[in-house]
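Student: Supplied in structure tokens, the structure appears directly below.
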Amino acid sequence: MNVNDLTIGQAKHISEMFPLNTVGEKTVDIYSDFIGKYVICRSRNEGINCGLVVRLDDTGVVLSGARRLYYHKPINKNVAWYEGVASTGISNDSKVGCPSEKLIAEDYSLTLCTNVAKESLIQAKDHVQA
């Protein structure tokens, strides 16, 4: 088949098989929107962490100032789980690890934090071993 002999319909059909992922000259992907954002990251082996996204792709994520959430409750008791923490902040009786740089190299999910939640998580007291 000669590409110059394709009909417009055939060309459209082929182009639908390879959707473009660009806007103008800038490449757009699902990951780039999260770079530079403060998030809660949930993964299978690393548990639940929060931090600033530095790099990420389908193989993992790098968090700056990462803190593990060992035990967490949201400030607002009307919301639940880590999504509630990402929305309203973390309660004083939660247990949070000290900040570190972290690579999570496995399947993960990210939940964006509000500015209030971000400040609450950054200011949370480090949980120390007894």
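No lab work stands behind these numbers, since they all come straight from the coordinates. No experiment lies behind these values; they were computed from the predicted model shown. Don't worry about glycine lacking a Cβ; one is built from the backbone with ideal geometry, like all the others, and counts go over all protein chains shown.
Student: Quick one: compute a quarter of the convex hull surface over the Cα atoms of the range 56-95 and quote it in nm². Intermediate results must be reported in sequence, preceding the final value.
Tutor: On the way: hull surface 14.2 nm².
If I average the Cα hull's projected area over directions, I get 3.5 nm².
Student: For the cross-link pairs Lys95/Lys118; Lys37/Lys118; Lys73/Lys118; Lys73/Lys125; Lys37/Lys73, which exceed 18 Å when the distance is taken from alpha carbon to alpha carbon? Don't skip to the answer; put the middle values down first.
Tutor: On the way: Lys95/Lys118 16 Å; Lys37/Lys118 10 Å; Lys73/Lys118 14 Å; Lys73/Lys125 14 Å; Lys37/Lys73 21 Å.
Where the Cα-Cα span goes over 18 Å, the pairs concerned are Lys37/Lys73.
Student: Let me ask something else. If a/c stays under 1.5 just call it rounded; otherwise compare a/b with b/c (prolate if a/b is bigger, oblate if not). Do that for the range 22-123, with a ≥ b ≥ c from the square roots of the Cα gyration tensor eigenvalues. Please list the in-between numbers first.
Tutor: On the way: a/c = 2.14, a/b = 1.64, b/c = 1.31.
Verdict is prolate for the range 22-123.
Student: Continuing with the same structure: Given a cut-off of under 8 Å on Cα pairs at least six residues apart, what relative contact order in percent is computed for the range 22-123? Provide the component values of the computation, followed by the final result.
Tutor: Details: 214 pairs, mean separation 29.1, N = 102.
Worked out over the range 22-123, it gives 29 percent.
Student: Taking 25 Å as R0, compute the FRET efficiency from the Cβ-Cβ separation of Val79 and Arg55 and round it to 0.05. Working shown, then result.
Tutor: Numbers: r = 30 Å, r/R0 = 1.18.
The pair Val79/Arg55 has a calculated efficiency of 0.25.
Student: Less than 15 Å from a label point 7 Å out along the Cα-to-Cβ axis of Tyr70: which backbone N atoms in the range 109-130 qualify, by residue?
Tutor: Label zone hits: 124-130.
Student: Between Lys37 and Glu101, what is the label-point separation in nm under the 7 Å Cα-to-beta-carbon projection?
Tutor: 2.4
Student: Continuing with this model, one more query. By how many nm would the segment from Asn115 to Asn4 lengthen if fully extended, with 0.36 nm per residue of separation less the alpha-carbon distance?
Tutor: On the way: separation 111, 0.36 × 111 = 39.96 nm, distance 5.43 nm.
Stretched out fully, the Asn115 to Asn4 stretch lengthens by 34.5 nm.
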